[in-house]
Amino acid sequence: KEKSMRTRLITLLILAVTFIIFLSCSSQPLPDKGVTILSPKANDIFKAEDFYQILWKAEPAESEFGTMVTVEFSKDTGKSWETVEFNIPVNGKYLWKVPKVDSAQCKVRVFSQHRPIYCGTSEMFSIK
């Protein structure tokens, strides 16, 4: 009975730590590592509410990187981020509906859900 309780506590602790890591990844800057954003490129200009293909390349093997990514968007050079979509298969592309904002300081980032240390951030682009 004591062993069962200890196992439950350890499982709960692992889940709590995983959840905290996930939350911290979506609100803090992540250093780029293992993911290259191919598109959007620096100085691209997009029309709000159009659809656009975000393209990236993940360097680590799938066994290391995982099978799903999260895509996030910033309209203020990366000071704050909002989730565009999570649980996106690692196929290097995502069809994104450009948000209705007017900013010349936009960025997107893609990171591994399995290992959030693998992350890539685009150069700055504009939405009009």
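The values are calculated or read from the model by the stated rules, or taken from the named source; none is laboratory data. Quick caveat, the model's predicted, so the values are computed rather than measured. Note: ideal-geometry Cβ built from the backbone for every residue, glycine included; neighbour counts use all protein chains shown. The area values use the complete protein model at the heavy-atom level, side chains included, leaving out ligands, DNA and RNA. Shrake-Rupley method; radii C 1.70, N 1.55, O 1.52, S 1.80 Å.
Taking 7 Å steps out from each Cα toward its Cβ at residue 117 and residue 85 produces label points 2.8 nm apart. Between residue 67 and residue 41, the modelled label-to-label distance comes to 3.4 nm, taking each label 7 Å out from Cα in the direction of the beta carbon.
Taking the longest Cα principal axis of the chain as reference, the axis of helix 2-27 is set at about 10 degrees.
Could you report the chain's accessible area per residue, 1.4 Å probe, as an integer in Å²? Walk me through the numbers before you get to the answer.
Details: 8120 Å² over 128 residues.
Heavy-atom SASA per residue in the chain reads 63 Å².
Across the range 94-107, coupling constants 3J(HN,Hα) worked out from phi with the 6.51/-1.76/1.60 Karplus curve, θ = phi - 60°, read 8, 7, 10, 8, 4, x, 8, 9, 10, 8, 9, 10, 8, 8 Hz, and Gly and Pro carry x. Label sites at residue 55 and residue 8, each approximated as a point 7 angstrom past Cα along Cα to Cβ, lie 5.2 nm apart. Look at (1) 114; (2) 131; (3) 104: the one that is volume of the Cα convex hull per residue in Å³ derived from this structure is (3). For residue 97, the accessible area of its heavy atoms, probed at 1.4 Å with every protein chain present, is near 110 square angstrom.
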